[in-house]
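Everything below concerns the one structure shown next.
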Amino acid sequence: MIVLEEVARCLDQFDEELMADKESRTMETLHSIYRIKHDLLHLRILFNPLKEIICRLQRTTQDEKFISLRADALRRLDLKHRLIRRQVKFFRQTSQTTDPSLNTQITTTDHHPPKKSQRTSLFFNEYVYIYLSDLNDNINQLIDALEIQRESVAMLISFWLTLNNNETQETLKFLMLISVLFMPCVLLTAINSTNFQVEPTLQYKYGYYIVLSLIGGILLGMISWYKAKRWI
């Protein structure tokens with residue numbers, strides 16, 4: 001859970017940086033986001049078999065034959081370990097019960113859980129099943145949180161691509177406006193730069209200044225039109 005909280009903090013930090021700072025919209029940021037995505041994928045791969053193992057442990061049932069074999073094996077062991085001593089003591093106590101079918105049942109001698117929820121198995125008592133149930137709930141919560149983080153990573157990658165596409169479109173738009181702005185000027189200068197013998201503008205003393213004035217007027221008119229359309 002601590003790892004997922006750290007991942008969530010990093011994703012929030014990336015989100016704030018992308019919104020506030022244009023310089024953070026680099027390929028290095030995208031690589032960092034993809035590294036987080038790969039880490040989440042590895043965690044998801046690890047959680048799947050863990051959940052399957054817990055579910056299989058929860059589905060274990062009572063097998064009296066193997067429980068009896070286990071009890072006999074425990075009686076033959078060296079009673080140095082406290083857990084072994086406790087289980088052998090329990091088997092000795094249960095062997096004194098009046099019902100022979102209960103001699104091999106594995107339960108604890110104190111703090112019994114409610115009878116309606118008791119289950120026996122080859123290795124586990126009801127307390128272990130309660131622990132496995134809690135563990136399964138925690139695994140499910142982690143998987144849900146992991147899926148939410150994976151969706152957040154996907155949205156963050158999409159957001160990064162959208163911001164960079166918008167920035168590229170703005171750059172292309174600016175270059176296109178400059179090209180369109182100078183097209184009439186280029187046309188006017190091309191007409192006045194022909195090498196014909198008769199050119200009316202060459203006959204006037206102020207023809208050069210007239211052409212410059214026309215070019216300046218066209219530029220101002222185009223810029224005013226761009227601003228009216230809110231293109232710049």
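The values are calculated or read from the model by the stated rules, or taken from the named source; none is laboratory data. Computed from a predicted model, the values in this text were never measured in an experiment. Cβ: placed from backbone, ideal geometry, glycine included. Neighbour counts: every protein chain shown.
Below, the figures for the structure above:
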read-out: Test: residue in the range 146-168 that is assigned by TED's automatic domain parsing to the domain that holds Lys22 and among the aromatic types (Phe, Trp, Tyr); value: yes
read-out: Qualifying positions in the range 205-225 - hydroxyl-bearing (Ser, Thr, Tyr), surrounded by 11 or more Cβ atoms within 10 Å (Cβ to Cβ) and modelled with pLDDT under 90; value: Tyr208
read-out: Any chance Asn140 is under 30 Å from Leu41 (Cα atoms) and of a type outside the set (A, V, I, L, M, F, W, C); value: yes
read-out: Boolean, Gln197 is exposed (fewer than 11 other Cβ atoms within 10 Å of the Cβ) and modelled with pLDDT of 90 or more; value: no
read-out: Options Leu50, Leu69, Leu41: the member that is more than 19 Å from Val128 (Cα to Cα), part of a helix (DSSP H, G or I) and modelled with pLDDT of 80 or more; value: Leu41
read-out: Residue identified as touching a Phe, Trp or Tyr at 6+ places or on another chain (Cβ under 7 Å) and either at pLDDT 90 or above or over 30 Å from Gly217 (Cα atoms) (or both) among Leu177, Leu132, Leu161; value: Leu177
read-out: Any hit, the range 82-95, residues being surrounded by 15 or more Cβ atoms within 10 Å (Cβ to Cβ), assigned to a helix (DSSP H, G or I) and either of a type in the set (Gly, Ala, Ser) or modelled with pLDDT of 55 or more (or both); value: no
